[in-house]
Every structure is written in C-alpha cells, then in structure tokens.
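FYI, it's all coordinate maths here, none of it is from the lab. Because the structure is a prediction, the values reported are computed rather than measured. Heads up, the Cβs are rebuilt from the backbone with ideal geometry, glycines too, and the neighbour counts pull from every protein chain shown.
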Number of protein chains: 2
Amino acid sequence: MSTLSISKRGSEMPESPIRKLVPYAEAAKARGIKVHHLNIGQPDIETPPAILDAVKHMHLKVLEYSHSAGNESYRKKLVQYYKRNHIEVKPEEILITTGGSEAILFGFMACLDPGDEVIIPEPFYANYNGFAIEAGAKVIPITSSIESGFALPPIKDFEKLITPRTKAIIICNPNNPTGYLYSREEMETLKEIVLKHNLYLFSDEAYREFCYEGTHYSAMLLKDAEENVVLMDTISKRYSACGARIGAFVTHNKLVIQTALKLAQARLSPPGLAQILGEAATDLPVDYFDGTRAEYKKRRDTLVSRLNAMEGVFCPNPGGAFYAMAKLPIDDAEKFCQWLLEDFSHKDQTLMMAPAPGFYATKYLGKNEVRLAYVLNVQDIEAAMDCLEVALKQYPGKQL
Amino acid sequence: MSTLSISKRGSEMPESPIRKLVPYAEAAKARGIKVHHLNIGQPDIETPPAILDAVKHMHLKVLEYSHSAGNESYRKKLVQYYKRNHIEVKPEEILITTGGSEAILFGFMACLDPGDEVIIPEPFYANYNGFAIEAGAKVIPITSSIESGFALPPIKDFEKLITPRTKAIIICNPNNPTGYLYSREEMETLKEIVLKHNLYLFSDEAYREFCYEGTHYSAMLLKDAEENVVLMDTISKRYSACGARIGAFVTHNKLVIQTALKLAQARLSPPGLAQILGEAATDLPVDYFDGTRAEYKKRRDTLVSRLNAMEGVFCPNPGGAFYAMAKLPIDDAEKFCQWLLEDFSHKDQTLMMAPAPGFYATKYLGKNEVRLAYVLNVQDIEAAMDCLEVALKQYPGKQL
C-alpha cells in the first residue's frame, strides 16, 4: 500500500539558498537597521514607462488565450530585436515563455531524460539545480576559479566529465553569479566540444546587453552548431521587468522546437498582459540600453574598486551582467552573512550578500566567497562597502 | 557516445488533439465559410472591465518579482473569496500559480515520482496527460459512460485499479469535457477511497461557479481528508481571463505546500501584472456570477435540446461547466469533424467540435462522441446546430 508522501523529486528540490537569511534581515530591519540588499538580482532601475503604458492603454474586451508559442506579432518583433543583435531567426524558431525560467525548464524537459547529465561551469545560477531535478537530470559541475576570473575551464577538463549520459552543457553569458563574459574564443571551444560529442549547448543570455568590457558573442552565432544551440532568454533584467515573467526559447533545431511547443501547448499560453509589455519593449529606442549600461558600469567600478581596496579581499573585474564574486578573509560565508544581519551594524546600517556555496555544486567550494549584485545606486553601494569594510575588521571569524 | 536526440518524455508528449483540425478550419475560412467554434473552452464573455481597469490604473515604477507564492495581499483576498465559497484556508495554504496549468503541474511534480500512478475518470481534460508525462507518472483511466451521464464509476471499479504505485486520483468538478457535476455523495465516496488507500485527491475546480443543477461541493469541504486534498484552481474561466495565466494551488497539507513552494521558488514568481487583475477580481460584486451563469444556462439549454432533438443523437444534460458531450450517429468522430470543415457547409457556415477520443486514455473509446463548448451566444449556437442537423443527414459515414 502506498503512503501519503511527497515525491522523491519534491524532497530533493533545493530551498532557495538566499531565503535562509531572510528572517535575519527581517529581524535586523525590525531593530531599525537599514539593510543594503546586494543579495538578489532585482534591479532598482525603473521599468521603461513606455512599456508599462502599452499595457495601460491596451484595447481588449476579452483577455483570451494567446497562441501557445506566444503572439505572432510579438515573435515577429523579436525577430527584429535579434537581427539588431546580429542573430538571424524566424518567428517559428521562437517560443514566448513564462520568464527565462520556463525556457530553461522546456530545454531540460525536451532534451534530457531521467539519468541524463548536463555539464555546468560552477559557480552557477542556483535554480538550474531545481530545473534539473524536475527533469530528473544530473548536474555535473565543472569548476571555474576565482583566481582566473571564472574563465571557461580548459577543454580537457570538459572531456574528462563527458559520459554516454552527457546530453548538454549549459552556460550563462554574461554569467550569473560571476559576471564573467565569455570570449569568442571560449564560445568556439564550447562549439568544438558540443559538435565532437553531439551535445546540446543551452545558452542563457539574460544579461546580453550588460557588457562592459568587450562584446557579447551569442551562442546563436556559432556556425555549424545550429542544431546544438538552444537560446534561453528573458526580458526580466533587460528592461527591469522581472515581475512580468516573459522569456523566450529560441533554436534552429526543428525537432527541439516542436517538442518544446508540445510542452507549451500543455500549459496553453504564456502570460497575455505581459506579452503586450514585451512586444512594446522591442520598440524602445536602440539607445535605451546606453543609459542602463552606463549606470551599471559606474556601479560595478565603484563596487569592485572598493572591494579590492579592502585588506585580504579579491574581486575579479566582471565583464558583464550585474554581479561580482568576491573572496573574503573569512572562515565561512554563510556564517559571515548571517553575522552581518544578526550581530553587526555600522551607522545603523548593514548589508546582505549571497553566500557563494549556494552557487557551487561541489561541496565545500566557495566557502569564503560571496556574490554581490550591484543593483543599487552608487551612493548605497558606497554605504554598503563602508559597512563591509568595518565588518571585516570586527568579524570574529576573520582569516587573513 | 550520446546522440543529439530529444528526450523520451519529449517524444511522448501528446500534440494538442484539437490542433490537428486547425489547418482544415483555416482552409474552410479561406473558402469564405463561417466556422462556429464549439471546439475550445475560450469564452466570448467579456472580461469584467473593472479588473482590466485595475491593471490600466496600476501605479508602479519597477515591475519587480513578487513573492514566489504570489503577492500576500492577493492571497489574503483569496482567503475571503474561498470563505464566501464556504472553504476555510489561510494565506500560507495558497500559492498563486501561472494558470491552473501550473497548479496541476506542481501537484504532479510534488506528489508523484516516475512510475507512480494517478487514476483519472475518463473522458478527461487532455492536458492531464501532458503533465503526467512531464512528471513521469502513469495515467490509469477509469471509464465513466455517456449512458450514465458520466457519473462517478462505482467504488469497486476504483479498487480494482489501485496498486502499490497508485498515489493520487484527479477529478475535475464540474467536469471538462463532460460538464458532469459530482454530487456530495460522490465526493464522500472519493474521500472514502483516498482515506482507505492513502491517496491524494487532486481537485480541479476551474468551473466552480458554473453549476446549473444542484450545488457545487468542493473537495476542500471533505472532513478528515484535509491532508489528502489538493485544490487546483484558476481565474481563467471564472472571469473570462484565460490569457492572464493566474491560478492557485491550495492545500492544508503542510509538507505538500512547502514542496510546491520550492517548485515555485525555482521559477521565481507568478505573472505580476496578472496578479493585479486577479486580486481585483476578488473585489467584484458577489452577484457578478449570476449574469454569466444565467447566460451559460441559456446556452446549455439551447444546445442540449437541439442535440437531443436530432435523430440518433444523445447528449446527457450537463450540470455544470460549459461543455457537453454528445453521442452522434456516425462512424468516426475525427473523420466527421474533419469532414465538417473540409467537405460540408450549410448557408456558407459549418461548425468545429472536439472529437472525443482525445479525452479518453483507453483506445477506441469515444469514437462516436464529440465535445461541444457552449462558449458562443445563443444565436450562433442555433446556427451551429442547424449546420449539424443538416450535416448528420448528408454525412457519408452515418450510422444509425
């Protein structure tokens, strides 16, 4: 007889690693402490009023299901958006998804069976774990090091990990949590691996526009790897519209997109109101990103130079996205981040960061690293860095 | 070495059964034929302007992620909505989901492992198949018959199907595709089964307000089955807001809701703009449903009486939702539905219906049955029934 139990998959699903610290942050606020949130990728940048206005001025009598692949008008506009980014795709090679999250889930579900393996350079976006567990797939981490600035590990390290069950490599470019921007050469290396071993290359390009050093080289540009590459995209960070939940699943591989479409049909359609907003975003002036990019660069420069000026701290300069990983002279990042919220304040302020172990699949890695999201204005970043500087002097678990 | 293939799960995912007929409908329209769409559950009822206005008048600068469980203000309002429906729940027993679809997926993912079995009275909502395949679960159909009006099969039929792998029973009440409204006695029977065999009872109550005979008896009202019952809900049909993609996952079972919350965290948050709309819907006047219910009842009465007046046609009177299943004097519903679009017209009109085999898991069942969604106004339903009446006389595959 069966018992009333949850699924093995359900019990294996990780809790949000950041969530554990939330009660401590709430308690700090209750004590009157201002908490600078550098822990999550929720930008403070305004959502462009023009795209909110598109929703406010909508004309519809019935909010009907859209096509399961998303509105055709929107997919046609996205073709133009990608063209401006030198990526050639057709409307039928695009599925509008419920956030980038659903695009990732569709990729895992369409391409990986239970027991199949996906190689991911670590540290990586923690939710890849959840989607892998939902699909029954196994995450095989390949470690990139803070000393190299989180560059792509050498090809021989990948080849050591490839087994008959390996089906895909997933990268995030520019990277969350490291901010690393893969070079064209590194992308060509990945192409070589996926072609040689017949693997999918899932490319999460959520932060495409946020590159401060060098140019973004999309996986969609890799010649001869058209069948291998699946682009997972989202408007969340691009237009500071995280709550909209609009993304895209893009591939030239016909069988993969047909399979993802069946997954899309099961859930009927992506969010309708947010598709109006997403479509309007494709009409924003081309120079829209200049402003946000300049703002993020200024924040990055402030954050990174302040960090590296602290004794025993090392923060490689991230080429893109809006994250930085820093190595701190501490015993344990989780303890330190909790201590910052529970036992520390400086001028009635403190800061919240994401302990790095949540981004590593290999145990004990990242123990003295943290991720900082530079989603606050320069003044607040300065104040947060003042706190960190003082904290590192006071922290009992200091290790130089 | 692995090959670049899609997953087994992906290849098993069913195509939308209705989709196959779409090219024929498009071709008919291209020939100037008006097609009456009785094939899908997309109501023509206006989305209440007040809830669209709530979105149009939103005040926000940054469209941020919401809580993964959905906005607390909305969950608190839903508590009141459920209270008006005699269902007592707390805000922390509710997760806002991306449509009812995601609530169903969360239930399957949280409670069923690959190889586990879920019993479903057939005919059933075809997308349950897709969600079961995504979770690796096996659908075990239990046949309800058109002769009995699709009443719940007897308890002994259920017990014959229960194995050590059985984890859940899923019902849709009132039912899509049959329109059947389960009685309180039938709900108590289900309770008896799930308590005796320690199963989950997933209750899809998307059409709760659309009951024309008798009263809806929610699975959430079943005493002593609080740990077993998971309510899967949606605003799609209730407020004619299918495109919003807002639903709810509701249960008193703490472990199940904690597990579903982890699935919710992986995808970050439900659609933000649509949550504004959903929350506004909880403020609609209590008599809002009187109008839509009266309209659907009029349509149902027209449809059912017209169908039963045709020679050789039998349509049990559905107690709820906005679907009816009819047995027709034909050889093959798929052929007939295609013929209606391809080879038939009456006064330059025809109708599109959903062939019933797509709603049965048991092969060869429903071969001479169709599902009709009464989502059109009475005049169009009359015109569609005129077409069907003439068509049944002309159809070469007629079988009396």
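Taking N as the number of residues in chain A, what is its alpha-carbon radius of gyration divided by 2.2 N^0.38 Å?
Working: Rg = 21.3 Å, N = 400, 2.2 N^0.38 = 21.4 Å.
This ratio for chain A stands at 0.99.
So for A:Val89, A:Val230, fewest C-beta neighbours within 10 Å to most, what's the order? The partial results should precede the final answer.
Working: A:Val89 19, A:Val230 28.
Ascending number of Cβ neighbours within 10 Å: A:Val89, A:Val230.
Just how far, in whole angstrom, is segment B:105-122 from segment B:307-371 if you go by their alpha carbon centroids?
Measuring centre to centre over Cα atoms gives 29 Å.
Helix B:333-342: angle to the longest alpha-carbon principal axis of chain B, degrees 0 to 90, nearest 10?
Roughly 70 degrees, rounded to the nearest 10.
Working from Cα positions, state the angle (0 to 90°, nearest 10) between the long axis of helix A:272-281 and the longest principal axis of chain A.
The angle comes out at about 80 degrees.
Local charge sum around B:Pro357 (other residues, Cβ-Cβ under 15 Å, Lys/Arg +1, Asp/Glu -1)?
On the way: positive: B:Arg19, B:Lys20, B:Lys327, B:Lys335, B:Lys363, B:Lys367, B:Arg371; negative: B:Glu15, B:Glu122, B:Asp331, B:Asp332, B:Glu334, B:Glu369.
Charge balance near B:Pro357 sits at +1.
Defining the label point at 7 Å along Cα→Cβ, can you sort the distances from B:Pro141 to the same site in each other copy, shortest first, in nm?
Label-point distances to the other copies, shortest first: 4.6 nm.
Tell me the distances, shortest first, between B:Pro14 and the same position across the other copies, using label points 7 Å along Cα→Cβ, in nm to one decimal.
Here the equivalent label points are 3.6 nm apart from this one.
Neighbour counts of other C-beta atoms within 10 Å: give me B:Cys211, A:Cys315 arranged from fewest to most. Numbers along the way, then the final one.
On the way: B:Cys211 21, A:Cys315 24.
Fewest-to-most ranking of B:Cys211, A:Cys315: B:Cys211, A:Cys315.
For segment B:248-397, what D do you get in µm² per second when you plug the Kirkwood radius from alpha-carbon pairs into Stokes-Einstein at 25 °C and 0.890 mPa s?
Values: Rh = 18.5 Å.
After rounding, the answer is 133 µm²/s.
7 Å from Cα along Cα→Cβ at both A:Lys297 and B:Glu64: what's the point-to-point distance in nm?
Modelled inter-label distance: 2.8 nm.
For the cross-link pairs B:Lys83/B:Lys191; A:Lys77/A:Lys138; B:Lys160/B:Lys335; A:Lys363/A:Lys398, which exceed 27 Å when the distance is taken from alpha carbon to alpha carbon? The partial results should precede the final answer.
Working: B:Lys83/B:Lys191 21 Å; A:Lys77/A:Lys138 36 Å; B:Lys160/B:Lys335 34 Å; A:Lys363/A:Lys398 22 Å.
Beyond 27 Å between Cα atoms: A:Lys77/A:Lys138; B:Lys160/B:Lys335.
Please compute the contact order of chain B in relative form: average sequence separation of alpha-carbon pairs under 8 Å and at least six residues apart, divided by the residue count, as a percent.
Working: 776 pairs, mean separation 96.2, N = 400.
Across chain B, relative contact order equals 24 percent.
Against the longest principal axis of chain A, how steep is helix A:99-111, in degrees 0 to 90 to the nearest 10, with axes from Cα atoms?
Rounded to the nearest ten degrees, it is 60.
What do you get when you divide the Cα radius of gyration of segment B:49-281 by 2.2 N^0.38 Å, with N the number of residues? Intermediate values should be presented prior to the final figure.
Working: Rg = 17.4 Å, N = 233, 2.2 N^0.38 = 17.5 Å.
So the Cα radius of gyration is 1.00 times the expected 2.2 N^0.38 Å.
Fewest Cβ neighbours within 10 Å first, please rank B:Ser148, A:Ser236, A:Ser218 accordingly. Mind showing how you got there, number by number?
Values: B:Ser148 11, A:Ser236 25, A:Ser218 19.
Final ranking by Cβ density, sparse to dense: B:Ser148, A:Ser218, A:Ser236.
Compute the FRET efficiency between A:Asp386 and B:Leu284 as 1/(1 + (r/R0)^6), taking r as their Cβ-Cβ distance and R0 = 30 Å, and round to the nearest 0.05.
After rounding, the FRET efficiency stands at 0.05.
Going 7 Å from Cα along the Cα-Cβ axis for the label, what nanometre distances separate B:Arg31 from the same residue across the other copies?
With the label placed 7 Å along Cα→Cβ, B:Arg31 yields 7.8 nm.
Divide the volume of the convex hull of the Cα atoms of the protein assembly as shown by its number of residues and quote the answer in cubic angstrom per residue. The partial results should precede the final answer.
Working: hull volume 127.8 nm³, N = 800.
Given the Cα convex hull of the protein assembly as shown, per-residue volume reads 160 Å³.
At a threshold of 8 angstrom on Cα-Cα distance, excluding pairs fewer than six apart, so keeping six or more, what relative contact order does segment A:49-281 reach in percent?
It rounds to 29 percent for segment A:49-281.
Efficiency by 1/(1 + (r/R0)^6): what FRET value for A:Lys83 and A:Leu161, r their Cβ-Cβ distance, R0 = 45 Å, to the nearest 0.05? Spell out each step's value before the answer.
Values: r = 36 Å, r/R0 = 0.80.
Computed FRET efficiency for A:Lys83 and A:Leu161: 0.80.
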